[in-house]
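Worksheet: one structure, shown below.
The values are calculated or read from the model by the stated rules, or taken from the named source; none is laboratory data. Predicted model only: the values in this text are computed from it and were never measured. A quick note on method: Cβ atoms are made from the backbone with ideal geometry, for glycine too, and the neighbour counts reach across all protein chains shown. Areas reflect the complete protein model, heavy atoms only, side chains present, ligands, DNA and RNA absent. Shrake-Rupley method; radii C 1.70, N 1.55, O 1.52, S 1.80 Å.
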Amino acid sequence: MTRFDGFGEYAVDFYDGLAADNSKAFWDANKATYDTDVKAPMVALLGALAPEFADWGEARVFRPHRDVRFGKDKRPYKTHCGAVVERGRGGGAYYVEVGTAGLRVGGGCFHLQSDQLARYRTAVAEDVHGQALEKIVAKLAKAGWEIKGDRLKTAPRGTDREHPRIELLKHRSLYAMFAWPPDDTLHEPGCLDRVRKAWRGLRAFNEWARDHVGTSELPRR
């Protein structure tokens, strides 16, 4: 396994260029930079994190091509490289990304299928488990994490609008993200420590998701 020494010098430049010219011609002309400065370091980063996080699930680097079948945006390539360690989508995840914005990490319930959403809302509505999540999310927000997710504008059907955790109950997905703009650390071994520390901060959130949401038994959307 190649040692992780940081992302390559031209990792962000590559994505800046791809954002300006999202074409096959640009991709083909600069694919060597993607391979050496982006993908290879990302694989090495996952390998370096494996001793602590591999038991959480499979580690994988997302493909660089966008799924343009159903969206209006037909740009063929993503302007970032993302990777994740997870057992199954929705039941907790450790995410890392490098791209035009620099370095981003995240975790939680990125996508919830209907059976997962039902379990999520049942747990949030229950005092012990719901209050536990409320404290976890508040602690992350206080530490500077951005709490995100798809949310209903009103209370879910059949839910008391005055429920003390109504804002959490409105979520159809719930995750936390933290970002660092491009800096020298991105290209140094210290980037590993940055990601490892951030992922450790997500452990309680992901364990809650694992225990109360779990993986879906339905076909993936």
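For the chain, the longest principal axis of the alpha carbon atoms and the long axis of helix 11-20 meet at an angle near 80°. On a per residue basis, the chain carries 54 Å² of accessible surface, using protein heavy atoms and a 1.4 Å probe.
Against the main long axis of the alpha-carbon atoms of the chain, helix 114-125 sits at an angle near 60°. Probe radius 1.4 Å, ligands and nucleic acids ignored: give me the carbon and sulfur share of the accessible area of segment 12-63 as a rounded percent. On segment 12-63, the fraction of accessible area on carbon and sulfur atoms equals 55 percent. Mean residue ellipticity, 222 nm, helices only, the chain: the sum of -39500 (n - 2.57) across DSSP H runs of n ≥ 4, divided by residue count and rounded to 500, is -12000 deg cm²/dmol. Given all pairs of different Cα atoms, what value in angstroms does the Kirkwood hydrodynamic radius of segment 97-176 take? Result for segment 97-176 stands at 13.5 Å.
Stretched out fully, how many nm does the piece from residue 166 to residue 139 gain, at 0.36 nm a residue minus the Cα gap? Walk me through the intermediate numbers first.
On the way: separation 27, 0.36 × 27 = 9.72 nm, distance 1.82 nm.
Using 0.36 nm per residue and subtracting the Cα-Cα distance, I get 7.9 nm.
For segment 112-177, averaging the sequence separation of C-alpha pairs within contact (under 8 Å, six or more residues apart) and dividing by the residue count gives a relative contact order of 38 percent.
Three principal axis extents of the chain based on alpha-carbon atoms, in descending order, are 56, 39, 30 Å.
List residues of segment 99-138, by number, whose backbone nitrogen lies under 15 Å from a label position 7 Å along Cα→C-beta of residue 211. Once the point is set 7 Å along Cα→Cβ of residue 211, 120, 123-137 turn out to lie under 15 Å by backbone N, inside segment 99-138. The angle between the Cα long axis of helix 127-142 and the main principal axis of the chain comes to about 40°, on a 0 to 90 degree scale. For segment 94-199, the share of accessible area belonging to carbon and sulfur comes to 52 percent (1.4 Å probe, ligands and nucleic acids excluded). Considering only alpha-carbon pairs that sit under 8 angstrom and 6 or more positions apart, the relative contact order computed for the chain is 25 percent. In the calculated pair-distance distribution of segment 133-221, the portion above 18 angstrom amounts to 58 percent of the Cα-Cα pairs.
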